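Student: Here's a structure for you.
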Amino acid sequence: MTESFDLLVIGAGPAGGEAALSAASAGLNVALIDEGPAAGGQVWRAPRTAKAKRSRAQDPDRERGDDLRARLAASSIKIFYATQVWDARPGFRVSCVSDAGAKELNAPCLVLATGAIERVLPFEGWTTPGVFGLAAATAVMKAEKALFGQDIVIAGQGPLLIAVAAKACELGLRPRAIIDRASRSDWLRAAVGFAGVPSMLITGARWMSQLALAGIPYHRGSEVIRANGDNALQSIVMSNLDSGATEEIEADTLYVGNGLTPADELHRLLGAAQTADGLRGGYRTIRDDRCRSSVPNLYVAGDGAGVYGALPSAIQGQIAGLSAARDHGALTEAQFSARVKEPRRKLRRLEKFGDASCRLMQFPQDVTTHVSAETIICRCEDVTHADIHAAIDDGAQDLNQLKHFTRLGMGPCQGRMCGLTAAAILNHRNPGPKTDTRLTPRAPVRPIEMNQLIGDFDYDDIPVPKPAPL
Amino acid sequence: MYDLAVVGGGIHGASVALFAARGGMNVVLLEAGALARQASGTNAGTLTMQMTRAALIPYALKAHEMWVNAPHWLGHDVGVVACDGLSLAFTEAEEQLLSERAKARSAAGAPINLVTKAEATRIEPGVNPSIRMASHCAIDGYANAYLTGLAYRRALRDAGVTIREYTPVTGLAASGKGYEIRLAQKAIAASQVVLTGGVWLEPMLKWLDIQLPIKTLVNQLSVTERTGPVMRTVLGIASGLLSLKQFPHGTVVIGGGWQGEGRRETNYHRTTHDSTVGNARLAVHAIPALRNTRLVRSWTGFEAETADALPIVGPVPGHPGVWVSGSVHSGYTSAPYIAHCLTQAILGHHPEMPLFPMDRLLANSTPEAAHFPPKSQ
Amino acid sequence: MSERLEIRLTVNGAPLACAVGQTVASALLANSSYLLRLSPNGQTPRGAFCMMGACQECAIQIDGGIRRACQTEVRDGMRVELRGAADDRG
């Protein structure tokens, strides 16, 4: 089954939602595709349970998301929710699956607004049930107004740490500890950037004082080095980054995250040029000031092309949508220039805030030098730190060789959780240029249920090619 | 000055390099990328007679025996599993095709016989009950293709071969008593040269002003996540357009030569929507339990094919000391044995089984040469 | 204020009540069911991790197929087995 449009937008978060709206407002026939059941992405996530829907707590992300969802619902955009994109080919032909089966959507223009995923630095026991990503906490709190665990610890780095801790307190939980890799001076440096967006600075300061008032122990310049427990988490061990002093804290639930990294599989599958950029989560997709990538008619916006945060992403989305409309001939150059003027001005201001957040989330270079040999790096395939060193000893020079030698990245997450870490280990062992610093992206970009892919069919309808020569 | 330079680090080149080094030669293996990362590392690893061209069955049988004994001669593990092989017929037309093909392959020496639906179901309990009949071969199995590079790397190192990865060769010319092999930076010299470049044999032969068209097939494959046991054989269908097997670690690899898209010139290749869906449907039709699995990855690799779809293995006419090996249909299966025969010739011995000289495919080839291959003994 | 638990799942055959709009993962977690499956290679215990569909740790048997519990909304009568794709316990 195939459907055609003027523009396809993948991802209905802040960037994709705004891209679709601005392109549609310029007259394009737009389709918007998202894996989730509603627009909003991770940050402007829609409430899902009755409890979350009736919550009246002040939440700017919720308000922005509700506003986006209302505008999308009132638009002419064809929206495919609960639809998973598993491949995109030049042209553009986008392969999707949903409960309704597999389909291909076609359009001459494509906006990728795929968002970010969370990075978690590996530590001993991080696969223990009860250890979650930090963004997992926000996802559940936004969707359900709930958080799991009695004795919870919140750890990692970046602004999300404070947000999660403060919101956990609002839900009546009392985290046993906050463990932050950043030092006080890291935060002070960041505050200068946050000053560009006073409302966010005020929110952050309010959260900090709430946590201080509640007396939540806040350990700066520290990290979790071990999670103890077999079938369930029992305690964590934290270590001071400077002194190496350790302390064990009883916990049944740990939320830990080390910032975001672009979900850029489709960008790479389509061959969009990228550049290494630690501040943007590892790699950034190169684009011009109209959000055009190096691939003709491929536009990139939001954290999927380099992490800036939700607000800059929404504006990048607006620009990308207008840019596609301009290139498709729906806007004149004068109309385009008039319509992007205000968004561009806002973007400059918001990006400063984004930069400050990103600096707090930057991936440390020495990620695993202190990690034990037995620590699992590739969660899907149980590939340990020692296995990776053994493969390098055996001659693995790049990431794809490492994959063949160890099965790292061959499991269902396809290297999302381990790729950057493995690359850092490889780089630490063999500094200097490499052929493959990333795992080759492959379709399906996320595992697909065979049942959805193949649907119902008759044997006679399978287009079996002609027999191979005898 | 090396005794032998092998250009192309796939399974053919790596095997020749290994055997030549063990035969006493000082060998360098040059590979543009990493060892066994093109067709040799991305193919389905099927070691089957039921998809092998009849003319290659005698070679494939010998090679199968080598694969099973890989720990002895290669010295390292490529995850070889020997098991039953079944080729299925779901329609009357497929029954006919299956019977003809089983007969031809069995005449060439493969122990293939037709079995009833009941017998096939006993051999493979996971098979779709709607099959009409099957052909069975007790000599079948598979290797874990992505381990090829690692296993050969260790073996080559043990044998003293100089391995040069990420070293593209840019040209080849006679020089003194041997050949000069040009690299990006400088050149190296060798008395003899073997070209084992897969689909890139065509541009390699142009270095010697030889025009020999090599067709590029873009075979695509998919793999499920690790799943509980769903099958125990290597499965195909009568037309040859399915290969299906479950590895000991639980993943199921789906192949059979469905075509992706791509070009040799840019080394661009990738899967298509229709081939992914079509091949997956065929797989689920053969083993219905696959419907509840998830597909985690698909990929493509180039397969080389000559005009008559038979190999070119032997000396390069007019260039003494230059050899070629490639375009071996089901090349992964037959590679170790074909390389063994070619290395015998390179070392000055008489090959155990006839090679496949390329003369037949050249513009000025003689009518006799066009009758290649020779009947196997 | 507590949720009205209108949806009934079975988890390994036992009933579990949950609220409309919950995901299978959150329904299990709210019930303190952290252990979802064993990893296929090392047979190490695993639970939900990223809760946003990326890490695949919560892919378990739901109505016969392997689905990510964190991306699957609960539905009345849904059959959940705490078992991964290659995890053959019980």
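Student: Just one of the numbered conditions (1) of a type outside the set (Val, Ile, Thr); (2) crowded, with 24+ Cβ neighbours inside 10 Å; (3) not in a loop (DSSP other than H, G, I, E, B) is not true of A:Gly415; which one?
Tutor: Of (1) of a type outside the set (Val, Ile, Thr); (2) crowded, with 24+ Cβ neighbours inside 10 Å; (3) not in a loop (DSSP other than H, G, I, E, B), only one is false for A:Gly415: (3).
Student: Could you look through the stretch B:199-216, keep only residues that are of a type in the set (A, V, I, L, M, F, W, C) and open to solvent by 30 Å² or more (accessible area, probe 1.4 Å), and pick out the one that is farthest from B:Val328 (Cα to Cα)?
Tutor: Quick first cut of the stretch B:199-216, residues of a type in the set (A, V, I, L, M, F, W, C) only: B:199-201, B:204-205, B:207-208, B:210, B:212, B:214.
Subsequent filtering for residues that are open to solvent by 30 Å² or more (accessible area, probe 1.4 Å) retains B:200, B:207.
On the way: B:Trp200: 14, B:Trp207: 22 Å.
The extreme case among them is B:Trp207.
Student: Identify, by number, the condition in (1) under 29 Å from A:Val445 (Cβ atoms); (2) touching a strand residue (DSSP E or B) at 6+ places or on another chain (Cβ under 7 Å) that A:Arg181 doesn't meet.
Tutor: In the conditions (1) under 29 Å from A:Val445 (Cβ atoms); (2) touching a strand residue (DSSP E or B) at 6+ places or on another chain (Cβ under 7 Å), A:Arg181 misses (1) alone.
Student: For the stretch A:441-470, name all the residues that are modelled with pLDDT of 90 or more, part of a loop (DSSP other than H, G, I, E, B) and closer than 30 Å to A:Arg268 by Cβ.
Tutor: A:Pro441, A:Arg442, A:Ala443, A:Pro444, A:Val445, A:Arg446, A:Pro447, A:Gly455, A:Pro463
Student: Could you tell me whether the stretch B:266-284 includes any residue that is of a type in the set (Ser, Thr, Tyr) and within 24 Å of B:Leu97 (Cα to Cα)? Can you show your working first?
Tutor: Residues of the stretch B:266-284 of a type in the set (Ser, Thr, Tyr): B:266, B:268, B:271-272, B:275-276.
Now narrow it down to the ones that are within 24 Å of B:Leu97 (Cα to Cα): B:275.
Looking for residues that are of a type in the set (Ser, Thr, Tyr) and within 24 Å of B:Leu97 (Cα to Cα), one finds at least one in the stretch B:266-284, hence yes.
Student: Working only within the stretch B:180-198, note down all residues that are surrounded by fewer than 24 Cβ atoms within 10 Å (Cβ to Cβ) and either more than 29 Å from the chain's Cα centre (by Cα) or more than 11 Å from B:Pro168 (Cα to Cα) (or both).
Tutor: Within the stretch B:180-198, B:Glu180, B:Gln185, B:Lys186, B:Ala187, B:Ile188, B:Ala189, B:Ser191, B:Gln192 qualify.
Student: Before we move on, is B:Thr271 more than 11 Å from every other protein chain (Cβ to nearest Cβ), polar (S, T, N, Q) and over 30 Å from B:Lys117 (Cβ atoms)? Walk me through how you get there before you give the answer.
Tutor: Details: more than 11 Å from every other protein chain (Cβ to nearest Cβ): no; polar (S, T, N, Q): yes; over 30 Å from B:Lys117 (Cβ atoms): yes.
When the stated conditions are applied, B:Thr271 does not pass them.
Student: Among the residues in the stretch B:137-156, are any more than 22 Å from the chain's Cα centre (by Cα) and away from every other protein chain (no Cβ under 13 Å)?
Tutor: Taking the stretch B:137-156 first, the residues more than 22 Å from the chain's Cα centre (by Cα) are none.
The answer is no, given that none of the residues of the stretch B:137-156 is more than 22 Å from the chain's Cα centre (by Cα) and away from every other protein chain (no Cβ under 13 Å).
Student: I'd like to know if the stretch B:149-163 contains one or more residues that are part of a loop (DSSP other than H, G, I, E, B), of a type outside the set (Lys, Arg), open to solvent by 10 Å² or more (accessible area, probe 1.4 Å) and farther than 30 Å from B:Asp3 by Cα.
Tutor: No - not one qualifying residue is present in the stretch B:149-163.
Student: So C:Ala19 clears everything in (1) closer than 17 Å to C:Ile62 by Cα; (2) open to solvent by less than 20 Å² (accessible area, probe 1.4 Å) except one condition, right? Which one?
Tutor: Evaluating C:Ala19 over (1) closer than 17 Å to C:Ile62 by Cα; (2) open to solvent by less than 20 Å² (accessible area, probe 1.4 Å) leaves (1) as the failure.
Student: Any idea how many residues of the stretch B:220-269 are acidic (Asp, Glu) and in contact (Cβ under 8 Å) with a residue 60 or more places away in the chain? So that I can check it myself, show each step before the final result.
Tutor: Applying the first criterion (acidic (Asp, Glu)) to the stretch B:220-269 yields B:225, B:261, B:265.
In the following step, the residues that additionally are in contact (Cβ under 8 Å) with a residue 60 or more places away in the chain were identified as B:225.
Matching residues across the stretch B:220-269 total 1.
Student: Sticking with this structure for a sec: Can you go through A:Lys466, A:Lys434 and tell me which one is under 25 Å from A:Val383 (Cα atoms), away from chain C (no Cβ under 14 Å) and over 21 Å from the mean Cα position of the chain (by Cα)? Talk me through it step by step, then tell me what you get.
Tutor: Working: A:Lys466 fails: under 25 Å from A:Val383 (Cα atoms).
None of the other options fit; the residue is A:Lys434.
Student: Still on this model: Considering only residues that are of a type in the set (A, V, I, L, M, F, W, C) and at pLDDT below 95, look in the stretch A:97-119 and name the one that is farthest from A:Gly302 (Cα to Cα). Steps first, please.
Tutor: Pass one, the stretch A:97-119, residues of a type in the set (A, V, I, L, M, F, W, C): A:97, A:100, A:102, A:105, A:107, A:109-113, A:116-117.
Still in the list and also at pLDDT below 95: A:100, A:102.
On the way: A:Ala100: 28, A:Ala102: 27 Å.
The selected residue is A:Ala100.
Student: Scan the stretch A:229-262 for residues that are assigned to a loop (DSSP other than H, G, I, E, B) and either touching a Lys or Arg at 6+ places or on another chain (Cβ under 8 Å) or β-branched (Val, Ile, Thr) (or both) and report the count. Show your work before the answer.
Tutor: Filtering the stretch A:229-262 for residues assigned to a loop (DSSP other than H, G, I, E, B) gives A:229-234, A:241-245, A:251-252, A:258-259.
Going one step further and asking which of them are either touching a Lys or Arg at 6+ places or on another chain (Cβ under 8 Å) or β-branched (Val, Ile, Thr) (or both), we end up with A:241, A:251, A:258-259.
Of the residues in that region, 4 qualify.
Student: Then there is this: Among the numbered criteria (1) over 19 Å from A:Cys169 (Cβ atoms); (2) touching a residue at least 40 places away in the same chain (Cβ under 8 Å); (3) open to solvent by 50 Å² or more (accessible area, probe 1.4 Å); (4) not small (Gly, Ala, Ser), which one does A:Pro198 miss?
Tutor: That leaves (2) as the condition not met.
Student: Return a yes/no flag: does the stretch B:121-131 have any residue that is of a type in the set (D, E, K, R) and open to solvent by 30 Å² or more (accessible area, probe 1.4 Å).
Tutor: Going through the stretch B:121-131, the residues of a type in the set (D, E, K, R) turn out to be B:122, B:124.
Of the ones still in play, those that are also open to solvent by 30 Å² or more (accessible area, probe 1.4 Å) are B:122.
Looking for residues that are of a type in the set (D, E, K, R) and open to solvent by 30 Å² or more (accessible area, probe 1.4 Å), one finds at least one in the stretch B:121-131, hence yes.
Student: Filter the stretch A:396-411 for residues that are in a loop (DSSP other than H, G, I, E, B) and open to solvent by less than 20 Å² (accessible area, probe 1.4 Å); which is farthest from the other protein chains (Cβ to nearest Cβ)?
Tutor: Applying the first criterion (in a loop (DSSP other than H, G, I, E, B)) to the stretch A:396-411 yields A:396-398, A:407-411.
Retained after the next criterion (residues that are open to solvent by less than 20 Å² (accessible area, probe 1.4 Å)): A:396, A:398, A:408-411.
Values: A:Ala396: 8, A:Asp398: 7, A:Leu408: 11, A:Gly409: 10, A:Met410: 7, A:Gly411: 7 Å.
Looking at residues that are in a loop (DSSP other than H, G, I, E, B) and open to solvent by less than 20 Å² (accessible area, probe 1.4 Å), I get A:Leu408.
Student: Would you be able to say whether some residue in the stretch A:371-378 is in a strand (DSSP E or B), closer than 28 Å to B:Leu295 by Cα and not β-branched (Val, Ile, Thr)? Give the steps one after another, and end with the answer.
Tutor: At the first step, the residues of the stretch A:371-378 found to be in a strand (DSSP E or B) are A:376-378.
Still in the list and also closer than 28 Å to B:Leu295 by Cα: A:376-378.
Subset that is not β-branched (Val, Ile, Thr): A:378.
Within the stretch A:371-378 (the criterion being in a strand (DSSP E or B), closer than 28 Å to B:Leu295 by Cα and not β-branched (Val, Ile, Thr)), the answer is yes, since at least one residue qualifies.
Student: Test each condition in (1) more than 7 Å from chain A (Cβ to nearest Cβ); (2) modelled with pLDDT of 95 or more; (3) touching a strand residue (DSSP E or B) at 6+ places or on another chain (Cβ under 6 Å); (4) surrounded by fewer than 19 Cβ atoms within 10 Å (Cβ to Cβ) for C:Arg83 and report the one that comes out false.
Tutor: Here C:Arg83 meets the rest and fails (2).
Student: Moving on to the next point. Of the residues that make up the stretch A:345-357, is at least one surrounded by fewer than 21 Cβ atoms within 10 Å (Cβ to Cβ) and aromatic (Phe, Trp, Tyr)?
Tutor: Within the stretch A:345-357, not a single residue is surrounded by fewer than 21 Cβ atoms within 10 Å (Cβ to Cβ) and aromatic (Phe, Trp, Tyr).
Student: Looking only at strands (runs of 3 or more DSSP E) that lie completely in the stretch A:104-156, which have at least 3 residues being within 10 Å of another protein chain (Cβ to nearest Cβ) and under 28 Å from C:Asn31 (Cβ atoms)? Steps first, please.
Tutor: Details: elements: A:109-112, A:116-118, A:131-133, A:152-156.
The qualifying strands (runs of 3 or more DSSP E) are A:131-133.
Student: Provide a single number: the residues in the stretch C:38-58 that are buried (at least 24 other Cβ atoms within 10 Å of the Cβ) and outside any loop (DSSP other than H, G, I, E, B).
Tutor: Residues meeting the conditions: 1.
Student: Same structure again: Only one of (1) assigned to a strand (DSSP E or B); (2) open to solvent by 10 Å² or more (accessible area, probe 1.4 Å) is not met by B:Asp308, so which one is it?
Tutor: (1)
Student: Filter the stretch B:237-248 down to residues that are in a strand (DSSP E or B) and open to solvent by less than 10 Å² (accessible area, probe 1.4 Å) and give me whichever is farthest from B:Asn292 (Cα to Cα). Show your work before the answer.
Tutor: Taking the stretch B:237-248 first, the residues in a strand (DSSP E or B) are B:237, B:243-246.
Okay, now just the ones that are also open to solvent by less than 10 Å² (accessible area, probe 1.4 Å), so B:237, B:243-245.
On the way: B:Ile237: 21, B:Ser243: 19, B:Leu244: 16, B:Lys245: 16 Å.
Here the residue is B:Ile237.
Student: Considering the stretch A:312-344 alone, what residues qualify as being among the β-branched types (Val, Ile, Thr) and either open to solvent by 50 Å² or more (accessible area, probe 1.4 Å) or under 19 Å from A:Leu72 (Cα atoms) (or both)?
Tutor: Across the stretch A:312-344, the qualifying residues are A:Ile315, A:Ile319, A:Thr332.
Student: Also: Can you find, within the stretch A:31-59, the residue that is farthest from the other protein chains (Cβ to nearest Cβ) among those that are in contact (Cβ under 8 Å) with a residue 24 or more places away in the chain and over 24 Å from the mean Cα position of the chain (by Cα)?
Tutor: Among those that are in contact (Cβ under 8 Å) with a residue 24 or more places away in the chain and over 24 Å from the mean Cα position of the chain (by Cα), it is A:Ala57.
Student: Among the residues of the stretch B:106-120, how many are surrounded by fewer than 21 Cβ atoms within 10 Å (Cβ to Cβ) and touching a strand residue (DSSP E or B) at 6+ places or on another chain (Cβ under 9 Å)?
Tutor: 8
Student: For the structure I just gave you, tell me whether B:Ser298 is in a helix (DSSP H, G or I) and either on the phi < 0 side of the Ramachandran plot or open to solvent by less than 30 Å² (accessible area, probe 1.4 Å) (or both).
Tutor: Numbers: in a helix (DSSP H, G or I): no; either on the phi < 0 side of the Ramachandran plot or open to solvent by less than 30 Å² (accessible area, probe 1.4 Å) (or both): yes.
Taking the combined requirement at face value, the residue does not satisfy it.
The values are calculated or read from the model by the stated rules, or taken from the named source; none is laboratory data. All figures in this text were calculated on a predicted structure; none of them were measured in a lab. Here Cβ is always computed from backbone atoms with ideal geometry, including for glycine, and neighbour counts include all displayed protein chains. SASA here: full protein model, heavy atoms, side chains in, ligands and nucleic acids out. Shrake-Rupley method; radii C 1.70, N 1.55, O 1.52, S 1.80 Å.
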